[in-house]
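Below is one structure; the comments refer to it alone.
No lab work stands behind these numbers, since they all come straight from the coordinates. It should be emphasised that the depicted structure is a prediction, and the values quoted were computed from it without experimental measurement. Heads up, the Cβs are rebuilt from the backbone with ideal geometry, glycines too, and the neighbour counts pull from every protein chain shown.
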Amino acid sequence: MKHDPYSLTELIRNEEFIAWVMHPDELSDRKWQAFLEKHPRKRKTVESAREYVILLAKDTGRHQPTRKQSDRMWSIVESHMHDEVTKTPEPVPVFKTSRGHGWRWARVAASAALILSIGSVSYWFYYKKADGPLQEVAVREEADLPNTIQKYNDTEKPMTVLLQDGSSVVLQPGGRLSYSEGSNRKRREVTLTGKAFFEIVKNKQMPFLVYSYGLATKVLGTSFTIDASSESKDIKVEVRTGTVSVFSINNLDNSQKEAVLDKPELEGVTLNHDQRIAFSKESGKIVPLPAAVAASSDKDVSKQQFVFDETPVSDVFRILEGAYNVRIVYDREKMGSCPLNATLIGQPLKEKLEVICNALDAQYEVADNQITILGKGCK
């Protein structure tokens, strides 16, 4: 029997095919569409193989399938095959599972060994080679970075994370941030799951990068929001101040990644003030979004203006406490009525505190979630 490199069993083991299914780009899409036009009879086989790969990627989640998962998958396939054989004597190549899943299963060549092998290949490519989600984040180098720090916001309020370089990250409930601290690094890098607002210290020689599900967001110093919730099909990036570039890293090999990430220049899709995009986790495509309606809010740091005009320091500290969910301790009698004139939009929390303390001839100390202001005040 002549070997068919485009049979169902061969396609689901084909790295190029899996790459096209999980992370399509213009080149791979053009290639496979041309193949289907030339071989229209293969369309059903390709669709069946495609849905096998998607099924296994979704079902295995973040880990390689266990024996229990594999047995469960096989029992589902087997039960559907038995039901179909009972109802329909003639072969039916493709059918749907029970309502609520929406997955289509290929009966042909279904076996426990096949399920295991597909699961291993899908896991290896999607979560290893393609740098897909690892522990719910598209982590490129987290395992290689020394002194990795994990921050998880399991509260119902925002959590402010102060980074070593002075940048600040306001992590929303349910969010997870991973980063490494230390010297001798070419880049400042963090990985994110969930939603967070970033205020980054400017450093043209050391770019700041955020990785989320295969999307890299690169800045030199600016403020922006990333919404990379695990439940959402899209990752949203919205720029508050400065310039941000976003690009997919899933289809780059290691040498290409290093070259792109090490460049101090911004490249990819560039976003400026108030511009937004959505990045599809499934297709890898980036789509521009209409500008959001700006609305000031004391509780949302990304919407806060931080423009103070003869504003009493007591009000300034109240706004900072609400925006960053921190406690600020100071002598209200000496400092509370002192006026402040400053525009602090886009500056990290520590830079804001330095500007305020310079105006008050004071100093600040940070310990956990509390900021203490020490000074004589304006009286």
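Observations
- Search result, residues across the stretch 296-343 that are of a type in the set (Gly, Ala, Ser) and touching a residue at least 12 places away in the same chain (Cβ under 8 Å): Ser302, Ser314, Gly322, Ala323, Gly336, Ser337, Ala342
- Set side by side, the residues Thr155, Thr217 differ, and just one is β-branched (Val, Ile, Thr), in contact with a strand residue (DSSP E or B) (Cβ under 9 Å, 6 or more places away or on another chain) and either part of a loop (DSSP other than H, G, I, E, B) or within 30 Å of Ile18 (Cβ to Cβ) (or both), which is Thr217.
- Number of positions in the stretch 303-319 that are under 10 Å from Pro339 (Cα atoms) and either within 33 Å of the chain's Cα centre (by Cα) or not in a strand (DSSP E or B) (or both): 4
- For the stretch 361-377, a residue qualifies if it is over 16 Å from Cys338 (Cβ atoms) and surrounded by fewer than 18 Cβ atoms within 10 Å (Cβ to Cβ), and the qualifying residues are Glu365, Val366, Ala367, Asp368, Asn369, Gln370, Thr372.
- Filter result for Ile356 (farther than 16 Å from Met159 by Cα and part of a helix (DSSP H, G or I)): yes
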